[in-house]
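Here's the structure we're looking at; comments come further down.
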Amino acid sequence: MGRLLHTGQAIVDLVMRVPAMPPVGGDIYAHQFELTAGGGFNVMAAAARDRADVVYLGTVGTGPFGDKVHAALQAERIAAPNPPVAGLDTGVSVAIVDADAERTFVSALGAEGQVTPEHLDAVAVRPDDVVYVTGYSLRHPTNGASLTGWLPAIDPQAAVVFDPAPLLTEISEAAWAAITARATVWTLNAREAGLTLGRLTGTVPEGITPAELAEALAGLLPAAVLVRDGGRG
C-alpha cells in the first residue's frame, strides 16, 4: 500500500464556539473553546486513523505551538521527517464557529510557511503514493514556489489530491497551471467549486447547482471531482 504524503500546513487551532458573530467593534463570550492541532493535521489524523501510512512533508516550529503540533503528530503515528525550524514557532488560526456551524477564520503564519524543495524531497514519491496539496500552500509565496517546481518532477503515477481552499483566486498563475496539470482528484466545497469554474472559464452560470458544478468541472479538468455541499452531502 502507498502512503499519504501531506504537503500542507499543520498549525494550532484556537476554536471559539459562539451563538453568533459579534458586530464590528463588539464583544461576545464563547460558550466553549479549545486549543488543538489543526489545519492540515486534521486530514492526516483522519487518514492515520483509517490505518494509512502518513508522512507530513511540511515544517513544524520550535515553541509552544510547535510542541503541540509535534506531540499531536507523534500521537497519531504520523511521520515528520523534517527537523523543526529554529527560532520560529508554528502558526495559529482562530476559528470562530457560530450556532449554524459556519466558521470564520483569522490566521497567522509561522514555521509552516517555510517549506523548501528540500523539505518536500525528504522522502521520494513512489508510484502508489497519494500526494495531498492545498490551496493555502499554493497561495503562500514560499510554499507555493516550492510546490510549483516540485509537482511536475514527482512520479507521474502517483495520485495527487488537491483541496483548493477558500483563497484559490489568490493562487499565482504558475502554481495554478502546475496543479491543474497534475492533480488527479479535486475535493472542494460548493463555493470553491463556483470560484474554480469561474477561474477556468471566466463565468459561472446563474443558479447552477453543486451537482452541475461537479459535472462542469469534471468536463474541464483531467481529474475526478468531488464537490461537498455541507449537510446535503
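The table for this structure:
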item: Rg over Rh, two decimals, the range 137-218 (C-alpha only, Kirkwood Rh); result: 0.98
item: Built amide H within the under 5 Å cut-off of Val85, gap 5+; result: Val60, Gly61, Thr62
item: Charge dipole of the chain about the Cα centre (unit charges at C-beta), most positive-ward option of Val130, Ala108, Thr187; result: Val130
item: Assigned charges on the beta-carbon of Lys, Arg, Asp, Glu; the range 75-192 dipole about Cα centre (debye); result: 140 debye
item: Estimated 222 nm signal from helices in the chain, with DSSP H stretches of n ≥ 4 weighted -39500 (n - 2.57), rounded to 500; result: -9000 deg cm²/dmol
item: GNM result for the chain, Cα springs below 10 Å: residue of Thr169, Thr203, Thr36 fluctuating most strongly; result: Thr203
item: Backbone N under 16 Å from the Ala224 label point (7 Å along Cα→Cβ), restricted to the range 127-162; result: 128-133, 157-162
item: Percent of alpha-carbon pairs separated by more than 24 Å within the range 1-120; result: 33 percent
item: Solvent exposure of the chain as accessible area per residue, Å², 1.4 Å probe; result: 51 Å²
item: List Leu88, Leu197, Leu226, ordered by accessible area with a 1.4 Å probe, largest first; result: Leu226, Leu88, Leu197
item: Share of Cα-Cα pairs in the chain lying beyond 22 Å, as whole percent; result: 55 percent
item: Residues with amide H under 5 Å from that of Arg3, placed H, sequence gap 5 or more; result: Asp129, Val130
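The values are calculated or read from the model by the stated rules, or taken from the named source; none is laboratory data. Predicted model only: the values in this text are computed from it and were never measured. Positions of Cβ are backbone-derived with ideal geometry, glycine not excepted, and every protein chain shown enters the neighbour counts. Keep in mind that these areas ignore ligands, DNA and RNA; they rest on the heavy atoms of the full protein, side chains included. Shrake-Rupley method; radii C 1.70, N 1.55, O 1.52, S 1.80 Å.
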